[in-house]
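The values are calculated or read from the model by the stated rules, or taken from the named source; none is laboratory data. These numbers come from a predicted model, not from an experiment. So basically every Cβ, Gly included, is an ideal-geometry build from the backbone, and we count neighbours across all protein chains shown. These accessible areas exclude ligands, DNA and RNA; they are computed on the full protein's heavy atoms, side chains included. Shrake-Rupley method; radii C 1.70, N 1.55, O 1.52, S 1.80 Å.
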Amino acid sequence: MNSNMQLITLLTSFIYGIFFYYLTIFNFRLIKNMKVYLKHIITFIYTLDITIIYIILIYHLNKGYFHIYFILMVFVGFFTGYVLYNKIVSKFIVKLQFKNCKY
């Protein structure tokens, strides 16, 4: 695998990590009011689906060459999504609180 393909795969893995974080937030919001055993089953199925989608994506992108640093980039993207989400949400909540405040 040449260096261009590795860079494309690393970038794709990073973006997939961010996408994975936002889908995880969405999944937790959907199953918030369910029973505990249903939460576990749905989360397990969700994790399997996300893993299979990533494997298929890597297979189509670079013919199935799989390295550990691709997974590390998914984790870095997940953490970046976490940081971005917290910064965006915290600013949004502060703006809403000041909007509702009467002087």
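Values as computed for the structure displayed
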| quantity | calculated |
| --- | --- |
| Subset of the stretch 23-54 [more than 17 Å from Leu84 (Cβ to Cβ), open to solvent by 90 Å² or more (accessible area, probe 1.4 Å) and either under 12 Å from the mean Cα position of the chain (by Cα) or of a type in the set (Ser, Thr, Tyr) (or both)] | Tyr37 |
| Residue list for the stretch 22-48, filter: under 21 Å from Phe66 (Cβ atoms) and not hydrophobic (A, V, I, L, M, F, W, C) | Thr47 |
| Residue count, the stretch 17-72 (criterion: part of a helix (DSSP H, G or I) and more than 16 Å from Gln6 (Cβ to Cβ)) | 35 |
| Hey, Tyr54 within 19 Å of Phe19 (Cα to Cα), of a type outside the set (A, V, I, L, M, F, W, C), in contact with a helix residue (DSSP H, G or I) (Cβ under 9 Å, 6 or more places away or on another chain) and modelled with pLDDT of 90 or more or not | yes |
| Conditions (1) open to solvent by 60 Å² or more (accessible area, probe 1.4 Å); (2) in contact with a Phe, Trp or Tyr (Cβ under 9 Å, 6 or more places away or on another chain); (3) not hydroxyl-bearing (Ser, Thr, Tyr): number failed by Phe20 | (1) |
